[in-house]
Every structure is written in C-alpha cells, then in structure tokens.
Amino acid sequence: MSRLQPVRGTRDLLPDEARRHRLVEDVAWRVARLYGFGEIATPIFEFTEVFARTLGDTSDIVTKEMYTFNDRGGDSLTLRPENTAGVARAFISNGLQQSLPLKLFYRGPMFRYERPQKGRLRQFHQVGVELLGVEAARADVEVIALAAQVLADLGLGGRVTLELNSLGDAESRAAYRETLVAYLETRHAELSEDSRARLRRNPLRVLDSKDEGDRAVVAEAPLLSDSLNDSSRAFLDDLLNGLETAGVAYVLNPRLVRGLDYYCHTAFEFTSTDLGAQGTVLAGGRYDELITQMGGPPTPGIGWAAGVERLAMLAEGLADADRPVAVIPVGAAAEPEALRTAQRLRGRGVAVDLGYSGNLKKRLKRANAVNAGTAVMLGEDELARGVATLRDLDAGTQTEVALTELDTFLAAGRA
Ligand code: ATP
Ligand code: MG
C-alpha cells in the first residue's frame, strides 16, 4: 500500500488548495499583462545539457537536485528545476532575436530533489517573468516593480522586504573573486567540504552556503560592493534611482548572492519573516551572459521566479471573488424549477451549487460548506407566487425576489 502514497516531496492539490494556487497564478498573470508581458510555456523536460551548461556545475541544483533520467532512446533528460534555462533555450530554438525586446511570463511545476519540509517540496510550482534584450537598468526597474505589484495585489505588501545587491559585471566579479579567495584561504580550516570544493571552482558560491560554519566565515568576508568598477556602480545607481522613481522600497543587502552561476549586476529577493527558514518567496536577477553561454546571440536578460506554495501559504486569507450561489429546491415539485434556475444563472456567468439531496437544513449546511454567499430557496408556495427567497448566508437576512428578476439581480452581484 505504501506505493499508493504520493512520492515524498510531492502533494495532491485538493480543491481548496488548488483554488489558492490558482488565485496566486491569476494575480501574477494579471499584473504581468499590465506590464505588457505575454505568456510562454516550455516543456517540463529538456535535454540535461540545457540545465547542466547554464546553471553552473557547482550550483546546488546541478550537483544534487536534478531529476535526470535516460529515456528509451538513450537521451539524458531532466525535469526542469527552474524555467529560465528553458526560456533561454526556447529563445534560441525559435530564433526570437528578431522580436526583441521580449517580455515573457510563465507558470508551472518545477522539480528538485531536495529534503522536503514546510515550503520546500520536490515538485513545486513557480510563476515567473523574463525580460530579454534590454541592457539598461530600466528593464530591471520594471521587472522588480512588477514583482512588487504582484505581492502587493496578493495583500503581502507590508509582509515582505525587497533585498537587493549588485554582483557587478564580469570584470568586477573577477576582481572580487581574487579578494575573496585570498580571504577564504585564510579561513580554509573552518569551511565545509562543499565550500572547499566551491572555493576552487566558483568561490562566489561559498557566499550562498547554508552551512553554519561557512556562514560565520562569510559574515566577515570582504564585500563585493567594494570591488565594483565604475560602470557597474553606474548601473546600480540607475537601478536605485529608477526604483525610487517607481516608488518601490528596497533594502541593500551586500551579502546577497544568488545560487546560480549566470547572474550579473542585479540580484534581488523578496523575503518574509512569516515562513520560518523558507522565507524567500520571490527571487531573481540579471543574466547577460546566459544566452551567449548556451550558444545563442549575445542577449541581455533579467527575470524572477516566485514559489507558488510559499505565496499561497502567506496569502492564506485570500478571498475568492467567485463565491457560488446555492440553489435549493424545497420539496420534490420544485426540483425542475431549481434545475432551470441553476442553468439560467450559469448561462449568465453566475457560479451555482445545486444541492442534490436532503432537506432544507442539510442543503443550507452544504451551501455553507461550499462557501456560498447567497442561497436561492424555491418552495412550492413561492413558485406558485412566482418568487424565490434569497438568503444572505453571511448576514442571515432574507428577501423575496420575483423569479423574472432573479437573473438580473444575481448577475449584477447585488445579492
Ligand atoms: P532556497 O534558497 O529557498 O533553496 P532557491 O534559491 O533555490 O531558494 P530559486 O531557484 O531562486 O530558489 O527559486 C525561486 C523561488 O522558488 C524561491 O524563492 C522559492 O519561493 C521557490 N522555491 C525554490 N525551491 C523550492 C522548493 N523546493 N519548494 C518550494 N518552493 C521552492
Ligand atoms: Mg534551493
């Protein structure tokens, strides 16, 4: 029987939770459209190379989190652990460089072999955006403002903080790399096994380590911001000025680095203190080298991804705009009229829950269980008079409405 359990780290989304996920996605998609983004959907699996070549071979994702398998034709495939690499691959495969700048939104499941815990799953869901083809910090401003509005529209404005850092351009990072390696060598004995390996191959990744010993060493490391060259500094100034103009509040965090190798200049995270250890709800950055690295034409990019599970948890109280109307026949003779009424209302776009059986009390209980806002009660006596009784299920008040006016009344949302 244990095989009839969901696989560790995966979950069934039952209607209530599926509804909250959908609300999060819908808000993100609606706001993305306000900023002129279109939707893209790339396949859930790609050739393993798409991820291995781009995420960097020292990243957590590539070293230990990918679901990789050989298909029956012998190709090595990987379930997507994130979607930036897939979007970049799609950009190249479809020859989209003619249509730059491109503004793309995506949503869907991602897969990482991680230790499952609250807010950390093996199949989880993201919404995200990518803006390709704009070198200027204006693009970063817009993409970050979009993220801020998604969170604000989810009612999380006051509960998240935007943390921001600059990773600089390649020259600045090379300079910093030397400074950092020199420092880390002096603390070599205190570093974890993983970080010693990173020290040789990609020392910046040590900054992102979750190991406690490493974190103590990192806390005293020299800052990347002290190694930024003039043009990287100017880029950061443009970004900060733009955010101020757009009214987006931020906190500079000079220790912030992102786990993946392809980032440059802007790195940011929106974090919440309400989720325990899994406090990052949305994260992103600029990736000007990514598409070149994959063999495509030089194309700058900036984007972010947000965890739908974490957002759905935070936005627990999200109201569903679409509460159904419960149509309740009282007595067998009212059944046909109840069905007719339900069909008419549905035809006019009103969501209707039609009780299937039971007395009035049982059906009212059911109406509450499906979160109906209004019950339309149809009794024989009322039908004879051509009226229905409307009960406001929140207030408990009742009114009579003529059957001929019922549709207009409910469709107008006045009930
Ligand atoms: P973390 O530091 O929490 O591992 P990450 O840097 O690996 O995050 P990203 O790759 O930036 O995360 O993914 C963007 C967002 O996707 C995260 O901020 C988080 O909200 C969500 N996310 C990432 N991994 C998971 C997971 N295993 N389960 C649920 N949500 C996740
Ligand atoms: Mg991770």
In region 64-94, the residues that are within 16 Å of ligand 1 (Cβ to nearest atom), open to solvent by 10 Å² or more (accessible area, probe 1.4 Å) and assigned to a helix (DSSP H, G or I) = 64, 65, 84
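With the structure loaded, tell me whether residue 256 is closer than 21 Å to residue 134 by Cβ and within 16 Å of ligand 2 (Cβ to nearest atom) or whether it fails that test. Break it down stepwise before answering.
Working: closer than 21 Å to residue 134 by Cβ: no; within 16 Å of ligand 2 (Cβ to nearest atom): yes.
Criteria not met by residue 256.
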Return yes when residue 85 is within 16 Å of ligand 2 (Cβ to nearest atom) and either assigned by TED's automatic domain parsing to the domain that holds residue 305 or without any contact (Cβ under 8 Å) to a residue 60 or more places away in the chain (or both) and no when it is not.
-> yes
For region 147-155, does any single residue satisfy the condition of being within 15 Å of ligand 2 (Cβ to nearest atom), in the same structural domain as residue 36 (by TED's automatic domain parsing) and small (Gly, Ala, Ser)?
-> no
When (1) in a helix (DSSP H, G or I); (2) open to solvent by 70 Å² or more (accessible area, probe 1.4 Å) are applied to residue 210, the one that fails is (1)
Would you mind stating whether residue 151 is among the aliphatic types (A, V, I, L, M), within 23 Å of residue 13 (Cα to Cα) and more than 11 Å from ligand 1 (Cβ to nearest atom)?
-> yes
In this structure, does residue 47 turn out to be at pLDDT 95 or above and aromatic (Phe, Trp, Tyr)?
-> yes
Just checking, how many residues over region 165-207 are open to solvent by less than 40 Å² (accessible area, probe 1.4 Å) and of a type in the set (Gly, Ala, Ser)?
-> 6
Assess whether residue 388 counts as being open to solvent by less than 70 Å² (accessible area, probe 1.4 Å), closer than 17 Å to residue 341 by Cα and modelled with pLDDT of 90 or more.
-> yes
Residue 39: passes all of (1) in contact with a strand residue (DSSP E or B) (Cβ under 6 Å, 6 or more places away or on another chain); (2) open to solvent by less than 70 Å² (accessible area, probe 1.4 Å); (3) more than 16 Å from ligand 1 (Cβ to nearest atom) but (2)
When both residues are 6+ apart or on different chains and their Cβ atoms are under 7 Å apart, which pairs have a first residue that lies in region 95-120 and is more than 20 Å from residue 303 (Cα to Cα), and a second that is hydroxyl-bearing (Ser, Thr, Tyr) and part of a strand (DSSP E or B)?
-> 113/67
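Criterion first (more than 23 Å from residue 14 (Cβ to Cβ) and either modelled with pLDDT of 90 or more or open to solvent by 20 Å² or more (accessible area, probe 1.4 Å) (or both)) does residue 412 satisfy it? Outline the logic, then answer.
Working: more than 23 Å from residue 14 (Cβ to Cβ): yes; either modelled with pLDDT of 90 or more or open to solvent by 20 Å² or more (accessible area, probe 1.4 Å) (or both): yes.
Judged against the criteria, residue 412 is a match.
The values are calculated or read from the model by the stated rules, or taken from the named source; none is laboratory data. Small disclaimer: the values here were computed from a predicted structure and weren't measured. Don't worry about glycine lacking a Cβ; one is built from the backbone with ideal geometry, like all the others, and counts go over all protein chains shown. Ligands, DNA and RNA are stripped out before the accessible areas are found, and what is left, the full protein with its side chains, is counted by its heavy atoms. Shrake-Rupley method; radii C 1.70, N 1.55, O 1.52, S 1.80 Å.
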